[in-house]
1. Pull out a ≥ b ≥ c, the square roots of the eigenvalues of the alpha-carbon gyration tensor of region A:1-123, then state rounded if a/c is under 1.5, prolate if not and a/b is larger than b/c, and oblate in the remaining case.
2. Mind checking the angle between helix B:178-206 and chain B's longest principal axis? C-alpha axes, 0 to 90 degrees, to the nearest 10.
3. In which sequence would A:Ile105, B:Ile182 go, from the one with the fewest C-beta neighbours within 10 Å to the one with the most?
4. Please compute P(r) over all alpha-carbon pairs of the protein assembly as shown, binned at 10 Å starting from zero, and give each bin as a whole-number percent.
5. From the backbone phi of region B:155-167, what are the Karplus-calculated ³J(HN,Hα) couplings (6.51 cos²θ - 1.76 cosθ + 1.60, θ = phi - 60°) in whole Hz, Gly and Pro given as x?
6. Please give the peptides A:15-24, B:45-54 ranked by average Cβ packing (other Cβ atoms within 10 Å per residue), highest first, as a rough proxy for protection.
7. Stokes-Einstein D for chain B at 25 °C, 0.890 mPa s, Kirkwood Rh over Cα pairs, in µm²/s?
8. Which of the helices in chain A, when you take each full DSSP H run, stretch at least 27 Å along the axis at their Cα atoms and have an average Kyte-Doolittle score of -0.5 or higher?
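The numbers here are math on the coordinates, done by the rules we state, and not lab data. None of these values were measured; they are calculated from a predicted model. Cβ placement follows ideal geometry from the backbone for every residue including glycine, while neighbour counts extend to all protein chains displayed.
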Amino acid sequence: MIAWFSDPTHWTGSDGVFALVIQHLIYSGVALFFACLIGLPIGLYVGHTGRGVVLIAGLANALRSLPSLGLIVLLVILFGPVFASDMAFIVPSIIVLVLLAVPPIMSGTYAGVAAVDPAAVDAARGMGKRPLDILFDVELPCALPLIFSGLRSATLQIISTATIAAYVSLGGLGRLIIDGRAQNDYYQMAAGAVLVGALALLVDLAIGILSRLTVSPGLTRRL
Amino acid sequence: MRFDWLYRESGRIAELFLWHLGLSVIPVVIGLLLALPLGWLAQRAGFFRSTLLGAAGLLYTIPSLALFVLLPLVLGTRILDPMNVVVALTVYALALLVRTVSDGLESVPPDVIQAANAMGYRRLPRLFVVELPLAVPVIAAGLRVAVVSNVSIVSVAALIGTPQLGLLFTQGLQLRFLTPIIAGIVLCVLLAALLDGLVLFAAKRMTPWQPGGAER
């Protein structure tokens with residue numbers, strides 16, 4: 001495997017490691033963006049109003065049991081003929097990635113807002129803040145630790161599933177594993193696995209740092 | 001849906017279903033058996049807690065497909081050996097359940113422990129007779145998550161060729177044929193619901209003192 005890594009032709013070029021890492025990050029980033037776009041507002045709404053809690057929990061449970069590989073394959077066959085060229089597998093893969101990432105973001109946000117100290121909310125209301133100001137000035141900052149933990153599991157889920165989506169020809173590090181399997185090249189598979197693992201750990205670390213930088217020190221000192 | 005195809009293939013599908021059942025359940029059982037002593041250690045010793053939970057979180061970060069591929073290197077097994085899948089899923093279950101068991105033991109009220117001490121319980125009997133039974137609701141909640149996500153992760157192993165329902169997905173894509181894919185998804189969801197219900201039922205039977213039984 002060290003031999004595989006030390007071969008410079010494996011690193012550069014359109015199917016080299018660098019290109020694959022960038023592809024992996026782009027697909028994951030796009031999926032995470034859309035998942036946040038859907039999950040954050042719903043989580044904030046449910047947390048703030050307390051409406052629809054059962055619905056969110058049920059949805060998260062139901063989605064957890066859906067096999068991601070089956071979903072990707074299903075959507076590729078259903079949507080494949082609709083789109084031209086590469087979009088035939090990119091769009092279904094991204095849809096599945098978003099679908100898997102929304103529940104953790106949604107429930108993290110909801111749980112974060114719901115767990116905010118009611119005294120803090122009351123104090124803000126007493127100071128004359130309007131509901132929307134309370135949400136964005138008080139509840140959202142206080143909910144950040146749990147929002148980040150939801151974001152973290154969503155991101156890991158996305159990176160893991162984007163690897164699987166290589167099976168329906170999506171680019172990214174999963175290519176090394178799937179192509180290695182097809183060519184009976186175990187070292188290429190193992191290299192791909194190591195790289196995916198490392199990528200997941202690094203992204204996890206980055207989110208941890210981001211969360212440390214953005215969460216108010218007043219919260220972390222108490223927790 | 002082509003029901004005639006399902007009927008013709010029902011024997012093979014049943015076989016894949018049983019494989020899927022085994023691959024989902026066995027790792028969770030092993031994981032729970034390992035997590036009980038480790039979670040107990042983590043809950044008791046502060047140093048162990050951060051190290052163990054940190055290591056567990058790290059293991060949980062590794063994508064499943066990567067773990068399936070790398071384990072042969074560690075275990076010396078062949079890539080097609082179902083053992084790789086069992087070990088990988090045991091690692092995930094263990095990583096999840098160590099935290100759960102430790103949280104569950106933490107959730108036992110201190111008054112109860114003091115009462116047990118006053119009644120003359122020694123440490124180990126107290127653990128088995130008092131603390132573990134009271135930790136069941138929290139442990140069961142973690143167990144449900146572990147079982148349900150395992151059912152979904154097992155199907156990924158189809159990409160390296162281990163027999164289970166995931167093979168219906170790969171077959172469906174190769175043939176551009178929806179029936180096996182839909183059958184596979186439905187069976188996976190049913191299996192997850194079945195196992196989830198089973199854990200819920202067992203937890204309810206074990207916690208007759210809870211007003212509504214074990215809820216999430």
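1. On the way: a/c = 2.97, a/b = 1.82, b/c = 1.63.
Taking the square roots of the gyration eigenvalues as a ≥ b ≥ c, region A:1-123 is prolate.
2. Taking Cα atoms only, the helix is inclined about 20 degrees.
3. On the way: A:Ile105 26, B:Ile182 16.
Ranked by crowding around the Cβ, least crowded first: B:Ile182, A:Ile105.
4. Computed distribution, short to long bins: 4, 19, 29, 26, 15, 6, 1, 0.
5. 5, 4, 4, 4, 5, 9, x, 6, x, 4, 4, x, 4
6. Details: A:15-24: 16.6, B:45-54: 13.3.
Listed from highest to lowest mean packing, they are A:15-24, B:45-54.
7. Numbers: Rh = 18.9 Å.
The estimated diffusion coefficient comes to 130 µm²/s.
8. On the way: long enough: A:17-49 (47 Å, 1.72); A:87-114 (40 Å, 1.96); A:140-164 (35 Å, 1.26); A:186-214 (42 Å, 1.52).
Once both thresholds are applied, what remains is A:17-49, A:87-114, A:140-164, A:186-214.
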